[in-house]
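The values are calculated or read from the model by the stated rules, or taken from the named source; none is laboratory data. Since the structure is predicted, the reported quantities are computational estimates derived from the model, not experimental observations. Neighbour counts are summed over all protein chains in view; Cβ atoms, including those assigned to glycine, are modelled from backbone coordinates with ideal geometry.
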Amino acid sequence: MVKPILSTQNLNKVYPGALEFHALYDMNIDIPVGQFVAVIGPSGSGKSTLINILSLLDRLSTGELIIDGESTSKWDEDQLAHFRNNKMGFVFQFHHLLPEFTCLENILIPYWISQGKPPPDIIDRAKQLLKTLNVDVVANNYPSQISGGQQQRVSIARSLINQPAIVFADEPTGNLDQASGAAVVELLRSMNAQFKTTLVMVTHDREIALKADRIIEVVDGHICHDFLIKEIGETKAREQLGDPSCSNVAKKEPKKKTKNKVKTKTKRS
Amino acid sequence: MALDPFVWLVALRFLLKSKTQTTLIVLGIALGVSVQFFLLALLGGLADSLIDKTVGSAPHIYVSPMDTQAKPVLQDPKRIRDHRAPLYRENQEIFSWSPYVNKLRANPLIMAITPVVNGGGFIQKGGANYSVLVKGIDPQNGFPIYRIKEKMIAGKPSISGSTVLIGKSIATKLGLQVGDSFYLLTSKGSGDFLIVSGIFDLGAEIANDLILMRLERAQALFGLSGVTGIEARVSIPFQAQSIAADAQRFFTRVKIESWQDRNRELLTALKSQSGSSSLIQFMVMVSITLGIASVLGIVALQKSKQLGILKAMGATNAQTAGIFVVQGFLLGLIGGVLGILLGFWMGVGFTQATAKSGVSYGLAITPYNILFPFILATVCSTLAAGFPARKAAKLSPVEVIRNG
Ligand SMILES: Nc1ncnc2c1ncn2[C@@H]1O[C@H](COP(=O)(O)OP(=O)(O)OP(=O)(O)O)[C@@H](O)[C@H]1O
Ligand SMILES: [Mg+2]
């Protein structure tokens, strides 16, 4: 079995405050190196909450997040920031390019943050990424001067500049039409194949999720399905995702834990 | 952090991207700095010119007999007073002046020192008496004290025998020219014919009622064998007070005073003026600081999305804060440079305007007057950025990512 790059143990997230909200319940997830994981689920189910915790942007409430075999609970903010910069890439739902910088400059920002002025070979790498993603013509445009799909591809290029071990993408196709959405996922797929980058992608689009290696379905803060598409086959996978029983998971078995396994498993209640 | 190229890159971009905002805030700082600089230069120039009028061509240190007031010779109160007897003696002479001269001359700041004989006199013209001051000096050492060579307006700066220098007021009032002779009647009743070898203009009215002659000549004229005082010039005028006080500790029979001791009102006036100028400067600085803090606070809010993304991508809290500190620093620096230029321009305009109306004095453009407002503006705006910087450091990237 491939060693997990990311794993959670009984991960819980409770948003504090007056309207205290328990967003994630006892999640156990192992993500092996190089896997392309799609996180799917209805709106408000906790997908963003999960990916934000996995990508060290947010803190979990109880449980453990283990990265490369190391617990992250003791890391301070600077360590977390450093790790995000060196080992992680981000593609956000709303593009989130900086309007003050050209596309090429935007791609180089993660390099600037930790290493300062990029040398020519890094600039070449950025240009190569733009070419691979077919947006080299807009390299010197500002984000406001290009289309949403182009912005999303520039974001993908930016997530890859520091050659991260793992890339997180929260609804990378959310704002795109079907064709551009499919193209972006195709790109992520090929990045994953080419650079052996681990990929965690949130989507609410079933067709897009089916392009991944593995699908984790989250409903009301619980893992409802977690399977490898290859193992159960695409037809079965489609069936699973349509399963209406998931919506009852939380109510029926609020304390039930998913097993700490990477293997295919379907949970029925 | 301060030298982190990433921090500088983002700070610069933020400033360049919001050009209007940057321009306005830079102009605000520039105005503040220019007012400060102008005020410092103007008041400094005014003070310099007042002090120059006071000490520019006058002694800085005066040595005089301890008691120039007439005092009774005999103190016995039981003695019946004889009104005809000379009961009062005027102790107005210093007989051996070399100890004082030597003591003062030992200080390297003393540029020139001379014993003097001061007295009063009249010049008669028509039916009127014109009263004058008479000063006997040693020309070698005495001329530099009054900067006579620079102040000559006619004739030659030389005195010998019965040739003397006279002030401009005497020359104009009595119509005297170089080569003319006149009769001087002293307050002691003696008198002599003197010849004008030159005319000087020391600036002030009273100083131009002066007749300069040789020390020996004045001694003879006033029937003195000693001198009435010693005068000295110091290379740094403001040191005169401490030099005088130092020398005073060694002598009890003479009074050693500085120009500061003799011009207390002027110095008090200058001090209160510089005090009120400091208050204005402080207010200007406070308003600059508040302005920058609030504008950068708004920038922090406007750019919170960008800051959140940068943090998500791994920018540390210190880097995010640094972006604002650097912005504050750059704003202060640019505003400071512009402010000094603006201040120069205001200063030139002002001096030209006042020159037309007759009053003229220069601006004091000293390194201090330039650097002080400039450095203060830079430091204040850097510090003012601390508030938005803290705000930026505290910003949580998830909030920004979540809400698009
Ligand atoms: N800061 C917060 N404080 C309190 N509750 C929150 C906070 N953020 C999210 N939640 C709640 O947590 C739940 C999960 O939110 P999350 O954003 O993870 O959903 P999601 O699955 O990403 O939904 P979507 O598909 O709409 O993006 C929601 O019910 C949401 O209201
Ligand atoms: Mg979401």
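Within segment A:25-33, is there a residue that is outside any strand (DSSP E or B) and away from ligand 1 (no atom under 16 Å from the Cβ)? Break it down into steps so the answer makes sense when it comes.
Within segment A:25-33, the first condition is being outside any strand (DSSP E or B), and the residues that meet it are A:33.
Going one step further and asking which of them are away from ligand 1 (no atom under 16 Å from the Cβ), we end up with A:33.
Yes - at least one qualifying residue is present in segment A:25-33.
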Tell me the residue from A:85, A:52 that is crowded, with 17+ Cβ neighbours inside 10 Å, under 24 Å from residue A:184 (Cα atoms), at the interface with chain B (Cβ under 10 Å from one of its Cβ atoms) and more than 16 Å from ligand 2 (Cβ to nearest atom), please.
A:85
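In this structure, is residue A:257 modelled with pLDDT under 90 and under 30 Å from residue A:162 (Cβ atoms)?
Numbers: modelled with pLDDT under 90: yes; under 30 Å from residue A:162 (Cβ atoms): no.
In short, no.
Does residue B:364 fit the bill of being part of a loop (DSSP other than H, G, I, E, B) and either surrounded by fewer than 19 Cβ atoms within 10 Å (Cβ to Cβ) or of a type in the set (Phe, Trp, Tyr) (or both)?
Working: part of a loop (DSSP other than H, G, I, E, B): yes; either surrounded by fewer than 19 Cβ atoms within 10 Å (Cβ to Cβ) or of a type in the set (Phe, Trp, Tyr) (or both): yes.
Yes: the conditions hold for residue B:364.
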Criterion violated by residue A:43 - all others in (1) within 16 Å of ligand 1 (Cβ to nearest atom); (2) closer than 21 Å to residue B:397 by Cβ; (3) within 14 Å of another protein chain (Cβ to nearest Cβ) satisfied:
(2)
In segment B:311-360, what residues are crowded, with 22+ Cβ neighbours inside 10 Å, among the hydroxyl-bearing types (Ser, Thr, Tyr) and away from chain A (no Cβ under 14 Å)?
none
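Each row is one residue, and each column tells you yes or no for (1) in contact (Cβ under 8 Å) with a residue 12 or more places away in the chain; (2) out of contact with any strand residue (DSSP E or B) (no Cβ under 8 Å at 6 or more places or on another chain); (3) within 16 Å of ligand 1 (Cβ to nearest atom).
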residue: B:361; (1), (2), (3): yes, yes, no
residue: B:367; (1), (2), (3): no, yes, no
residue: B:372; (1), (2), (3): yes, yes, no
residue: B:379; (1), (2), (3): yes, yes, no
residue: B:391; (1), (2), (3): yes, yes, no
residue: B:395; (1), (2), (3): yes, yes, yes
residue: B:399; (1), (2), (3): yes, yes, yes
residue: B:402; (1), (2), (3): no, yes, yes
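Take segment A:24-49 and flag every residue that is within 11 Å of ligand 2 (Cβ to nearest atom) and surrounded by fewer than 20 Cβ atoms within 10 Å (Cβ to Cβ). Even if it seems obvious, please write down each step before you answer.
Within segment A:24-49, the subset within 11 Å of ligand 2 (Cβ to nearest atom) is A:39, A:41-49.
Across segment A:24-49, the qualifying residues are A:42, A:43, A:44.
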Sort out which residues of segment B:1-25 are buried (at least 22 other Cβ atoms within 10 Å of the Cβ) and more than 14 Å from chain A (Cβ to nearest Cβ), and write them in order of number.
B:25
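Applying the selection to segment A:96-143, what residues are of a type in the set (Asp, Glu) and away from every other protein chain (no Cβ under 14 Å)?
Narrowing segment A:96-143 to residues of a type in the set (Asp, Glu): A:100, A:105, A:121, A:124, A:136.
Within segment A:96-143, A:121, A:124, A:136 meet the criteria.
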Do you know which residues across segment B:241-279 are touching a strand residue (DSSP E or B) at 6+ places or on another chain (Cβ under 9 Å), free of Cβ contacts under 8 Å to residues at least 40 places away in the same chain and not assigned by TED's automatic domain parsing to the domain that holds residue B:145?
B:261
Residue list for segment B:11-58, restricted to those being under 26 Å from residue A:105 (Cβ atoms) and in contact with a Gly (Cβ under 9 Å, 6 or more places away or on another chain):
B:11, B:25, B:26
Condition check for residue A:97: under 27 Å from residue A:10 (Cα atoms) and aliphatic (A, V, I, L, M):
no
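With a cut-off of at least 2 residues that are in the same structural domain as residue B:219 (by TED's automatic domain parsing) and free of Cβ contacts under 8 Å to residues at least 40 places away in the same chain, name the strands (runs of 3 or more DSSP E) lying wholly within segment B:158-204. Write out each step before concluding.
Numbers: elements: B:163-167, B:181-186, B:191-200.
In segment B:158-204, B:191-200 are the strands (runs of 3 or more DSSP E) which contain 2 or more residues that are in the same structural domain as residue B:219 (by TED's automatic domain parsing) and free of Cβ contacts under 8 Å to residues at least 40 places away in the same chain.
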Residue that is nearest to ligand 1 (Cβ to nearest atom) [pool: residues in segment A:3-23 that are of a type in the set (S, T, N, Q) and buried (at least 21 other Cβ atoms within 10 Å of the Cβ)]:
A:8
For segment A:55-82: of the residues being assigned to a strand (DSSP E or B) and within 20 Å of residue A:32 (Cα to Cα), which is nearest to ligand 2 (Cβ to nearest atom)?
A:65
Quick check on residue A:146: is it more than 10 Å from chain B (Cβ to nearest Cβ), modelled with pLDDT of 90 or more and under 25 Å from residue B:316 (Cα atoms)?
no
